[in-house]
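Before any comments, here is the structure.
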Amino acid sequence: MKIGIDIGGSHIATGLVNKRGEIISKETRDINISNINDGKRVEKLLLEIIENEIEMLLEKNDYTINDITKIGIGVPGSPKQGKIRNLVNLHIKEFNLGEILNQKYKVNVTIKNDGKCAGIAEKKYGSLKKYKDCIFLCIGTGVGSCVFFNDEMLEPIQNPGFEFGHMIIDKKGRKCNCGKLGCFETYASMKKFKLEAINNFKMDSTVEAEEVQMYIRNNMNKKNVCDFVNEYLNNISIGLSNIITIFEPQAISFGGSFSYYCDIFLPILKEKLEIMMFNKDTKTDLIKAKLKNDAGIIGATEI
């Protein structure tokens with residue numbers, strides 16, 4: 001049995017995963033750092049949540065740590081050699097999480113970029129199984145990504161790479177948490193989408209993401225809602241057209257909270273991309289991720 005941990009910008013999910021890539025039990029907890037700007041305090045919070053979730057999973061399922069062969073962790077940023085690095089949305093520069101967990105549990109601990117973990121799961125078990133050249137995009141709090149060429153995941157030597165969220169699509173654009181202006185993620189982020197929807201449509205600031213989604217769905221026939229969605233997808237299409245022009249993928253799979261809008265967004269995106277494509281004969285399927293929020297947990301155990 002393996003433990004997979006998915007650290008997102010707003011939550012931590014931990015699961016027990018069997019050898020078939022199936023989650024048999026899962027714990028999830030939100031990360032609330034709205035009043036925390038100190039990376040050290042965030043590190044302490046992350047560790048407490050992870051340790052509590054592991055203990056709860058083991059106890060609930062009558063396992064001990066001796067039954068666990070591996071702990072795999074998917075995390076934003078640029079993890080390296082067991083360290084999580086550059087988590088700009090969580091104010092963490094570098095934290096040796098792998099060593100701490102290894103010392104505590106005496107189990108092999110591996111850490112990889114969360115977008116790569118989710119992409120690995122979708123390629124092996126989910127929406128991308130039948131494609132050789134394909135891309136996974138996890139659009140949620142930020143933008144995670146994974147690229148496959150001829151069935152192999154592309155991995156640079158220096159860093160995880162393929163940080164599509166931090167390619168610049170507007171040189172005078174919005175300020176990103178990474179410090180640059182106009183990053184793709186500042187326009188693509190579903191967190192930004194939700195905040196802008198609340199502001200544009202005068203919704204209560206405490207409204208849940210599901211309520212925003214229902215409002216969008218129920219009002220797509222209204223000009224102001226349609227214009228709002230189109231502006232969001234115009235920015236998405238700029239990023240996608242760049243990615244497709246460079247990699248010529250057979251398919252792009254969309255995960256994260258973006259996936260809950262795929263039935264609305266993908267037909268519109270296909271029309272926009274037909275106009276923007278460099279190679280007009282390129283055929284790229286735009287598809288919804290199959291494993292949903294479980295992809296990061298499952299993929300973390302495969303690294």
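The values are calculated or read from the model by the stated rules, or taken from the named source; none is laboratory data. Everything numeric here is computed off the predicted structure, so don't read it as measured data. Note that we place each Cβ from the backbone using ideal geometry, even for glycine, and neighbour counts take in every protein chain shown.
If I filter segment 25-41 for residues that are part of a strand (DSSP E or B), in the same structural domain as P79 (by TED's automatic domain parsing) and surrounded by 17 or more Cβ atoms within 10 Å (Cβ to Cβ), do I get at least one hit? Yes, segment 25-41 has at least one match. Here is the figure for segment 260-303: residues that are touching a residue at least 40 places away in the same chain (Cβ under 8 Å), under 30 Å from T110 (Cβ atoms) and in a helix (DSSP H, G or I) total 9.
Considering each residue of segment 90-101, count those that are more than 21 Å from the chain's Cα centre (by Cα) and assigned to a loop (DSSP other than H, G, I, E, B), and give that number.
1
Selection of segment 198-229 for residues being surrounded by 13 or more Cβ atoms within 10 Å (Cβ to Cβ), in a helix (DSSP H, G or I) and at pLDDT 95 or above yields I198, N200, E211, V212, Q213, Y215, I216, R217, V225, C226, F228, V229.
Among residues belonging to segment 272-300 that are of a type in the set (V, I, T) and within 14 Å of K123 (Cβ to Cβ), point out the one that is surrounded by the fewest Cβ atoms within 10 Å (Cβ to Cβ). The residue in question is I287. When the residues of segment 1-24 are filtered to those that are of a type in the set (G, A, S) and either in contact with a Pro (Cβ under 6 Å, 6 or more places away or on another chain) or in a loop (DSSP other than H, G, I, E, B) (or both), the one that is modelled with the highest pLDDT is G21. Scanning segment 143-186 for residues that are acidic (D, E) and surrounded by 14 or more Cβ atoms within 10 Å (Cβ to Cβ) gives E155, E163, D170, E185.
As a summary of the residue check, T141 satisfies the conditions (1) within 17 Å of the chain's Cα centre (by Cα); (2) under 30 Å from K283 (Cβ atoms) except for the one numbered (2). Within segment 182-232, the set of residues being free of Cβ contacts under 8 Å to residues at least 12 places away in the same chain, of a type in the set (K, R) and either closer than 20 Å to I268 by Cα or outside the structural domain of G165 (by TED's automatic domain parsing) (or both) comprises K192, K222, K223. Taken over segment 187-197, the criterion of being surrounded by 17 or more Cβ atoms within 10 Å (Cβ to Cβ) and farther than 17 Å from G165 by Cα is satisfied by K194, A197. Of all residues in segment 140-158, those being at pLDDT 95 or above and either among the β-branched types (V, I, T) or out of contact with any strand residue (DSSP E or B) (no Cβ under 7 Å at 6 or more places or on another chain) (or both) number 5.
Within segment 45-66, being loosely packed, with under 14 Cβ neighbours inside 10 Å and either out of contact with any Leu (no Cβ under 7 Å at 6 or more places or on another chain) or assigned to a strand (DSSP E or B) (or both) holds for E48, E55, E59, K60, D62, N66. Hey, any hits in segment 91-104 for a residue that's buried (at least 16 other Cβ atoms within 10 Å of the Cβ), within 26 Å of L291 (Cβ to Cβ) and in contact with a Ser or Thr (Cβ under 7 Å, 6 or more places away or on another chain)? No, segment 91-104 contains no residue that is buried (at least 16 other Cβ atoms within 10 Å of the Cβ), within 26 Å of L291 (Cβ to Cβ) and in contact with a Ser or Thr (Cβ under 7 Å, 6 or more places away or on another chain). Counting only residues that are part of a strand (DSSP E or B), polar (S, T, N, Q) and closer than 16 Å to K83 by Cα, segment 102-147 holds 2 of them.
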